[in-house]
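Any read-out appearing in this document is the output of simple, stated calculations on the displayed coordinates, not a laboratory observation. These numbers were taken from a predicted model, which means no experiment stands behind them. FYI the Cβ positions are ideal-geometry reconstructions off the backbone, even for glycines, and counts take in every protein chain you see.
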Amino acid sequence: MTGIHRHADHIMAAIDNDIAAGHIPGRVRTFGDLHDYLDANDYLIDAQVPYDGTPATIDIIVAVQDEVTRRLSAPGRPYCTYGTCSYPRHDHTTTVGGDGEDLQQPAPMRCLHCHQPAHYDEKLHRYRHDDPTAADCFLIHEAS
Ligand SMILES: [Zn+2]
């Protein structure tokens with residue numbers, strides 16, 4: 001299993017670099033989430049995870065993906081929020097106040113339903129809570 005961990009180390013370092021570079025948001029919590037933003041298979045190729053189409057290599061790929069997901073979803077892993085996000089297609093601000101009034105200055109976005117910090121993901125066309133473990137409200141933001 002040490003090979004699995006070595007591959008996962010390599011991929012996590014690449015993911016952290018890509019978050020810092022703004023290619024993916026810090027909110028990703030599973031290997032599958034990565035596919036929302038780029039071709040996550042490139043991480044496997046870059047980490048030289050073996051693949052020849054046999055069941056043995058498929059097992060290795062699944063194990064590496066599971067290990068990456070385990071690390072991404074670990075409690076305490078930082079997620080992006082207002083002031084820390086480097087993903088250019090996230091908007092963690094709003095110009096609409098809590099009572100629906102227009103703000104002069106953009107302010108940190110909060111969910112109008114539960115008041116948790118929130119953002120708009122322009123790539124996914126979705127408002128979401130910053131905290132990836134929080135279930136999203138249906139009324140997260142009443143965008144006009
Ligand atoms: Zn963000």
Which value at 222 nm does the chain reach when only helices count, each DSSP H run of 4 or more adding -39,500 (n - 2.57), with the total divided by all residues and rounded to the nearest 500 deg cm²/dmol? -10000 deg cm²/dmol
Compute the acute angle (0 to 90°) between the alpha-carbon long axis of helix 2-20 and the principal axis of greatest extent of the alpha-carbon atoms of the chain; round to the nearest 10°. 30
Along the charge dipole of the chain, which of Leu38, Ala13, Cys137 sits closest to the positive end, that is, farthest toward it, with unit charges on the beta carbon of Lys, Arg, Asp and Glu (+1, +1, -1, -1)? Ala13
Calculated FRET efficiency for the pair Thr93/Arg6, C-beta based, R₀ 30 Å, to 0.05: 0.15
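On average, how much area does the Cα convex hull of the stretch 2-72 cover when viewed from any direction, in nm²? Mind showing how you got there, number by number?
Numbers: hull surface 17.1 nm².
With the hull built on Cα positions only, its mean projection is 4.3 nm².
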What is the percent of Cα-Cα separations in the stretch 82-144 that go past 16 Å? 40
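For every other residue with a beta carbon closer than 14 angstrom to the beta carbon of Val64, add +1 if it is Lys or Arg and -1 if Asp or Glu, then tell me the sum.
Neighbour charge sum, excluding Val64 itself: -3.
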Between helix 55-72 and the chain, what is the angle of the helix's C-alpha long axis to the longest principal axis, kept within 0 to 90° and rounded to the nearest 10? 30
